[in-house]
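First the structure, in the form of structure tokens, and then the observations on it.
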Amino acid sequence: MQDKVTFEYAIIRLVPKVEREEFFNIGVILFSKRKKYLNVKFKIDKTKLAAFACELNMEDLNTYLKSWELICKGDKSSGKIGQFELSDRFRWLAASRSTVIQSSKTHSGLTNNPEKELEHIFNNYVLCK
């Protein structure tokens, strides 16, 4: 238990028609302050997307989510947000918004391996394995 640290995560949702409030999970963002870890993992199921809203452009959605990866990494091309402290970047990415891509409320837990935890949550809530 001593080597476990706290982490926070949010599920990333695709809300094709915001006014209908229907969504499906497409990713996870996970943050651990003690491990200095922030990462995102995502995958958009083309079949689900077609069932919800075929007019959305998959390339645009992927480009938007790839910008989240750059922000997590603190890449200079991610702009000012990518230069924020790790915790501030997580808060910005996990903030409530009313766009096509949204985040759930944040949840917390304990882990000794944030990367493994991200994979586990992604498999359970996005891939449904």
Q: Could you look through the stretch 66-96, keep only residues that are closer than 26 Å to Lys17 by Cα and of a type in the set (S, T, N, Q), and pick out the one that is surrounded by the fewest Cβ atoms within 10 Å (Cβ to Cβ)?
A: Ser96
(Q) Regarding the stretch 37-51, can at least one residue be identified that is buried (at least 19 other Cβ atoms within 10 Å of the Cβ), touching a Phe, Trp or Tyr at 6+ places or on another chain (Cβ under 9 Å), part of a helix (DSSP H, G or I) and of a type in the set (Lys, Arg)? (A) no
Q. Got at least one residue in the stretch 1-12 being of a type in the set (A, V, I, L, M, F, W, C), over 16 Å from Ile71 (Cβ atoms), outside any strand (DSSP E or B) and more than 18 Å from the chain's Cα centre (by Cα)?
A. yes
Q | Among (1) over 25 Å from Leu110 (Cα atoms); (2) in a helix (DSSP H, G or I), the one test that Leu56 misses | A | (2)
Q. Which pairs do you get when a residue that is in contact (Cβ under 8 Å) with a residue 40 or more places away in the chain, found in the stretch 74-87, comes within reach of a residue that is exposed (fewer than 12 other Cβ atoms within 10 Å of the Cβ) and not in a helix (DSSP H, G or I), reach meaning Cβ atoms under 7 angstrom, with the pair 6+ apart or on two chains?
A. Leu86/Lys36
Q. Picking from Thr99, Thr111, Thr63, which residue would you name as being in contact (Cβ under 8 Å) with a residue 40 or more places away in the chain, among the β-branched types (Val, Ile, Thr) and surrounded by fewer than 16 Cβ atoms within 10 Å (Cβ to Cβ)?
A. Thr99
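Any read-out appearing in this document is the output of simple, stated calculations on the displayed coordinates, not a laboratory observation. Because the structure is a prediction, the values reported are computed rather than measured. Note that each Cβ is placed from the backbone with ideal geometry, even for glycine, and that neighbours are counted across all protein chains shown.
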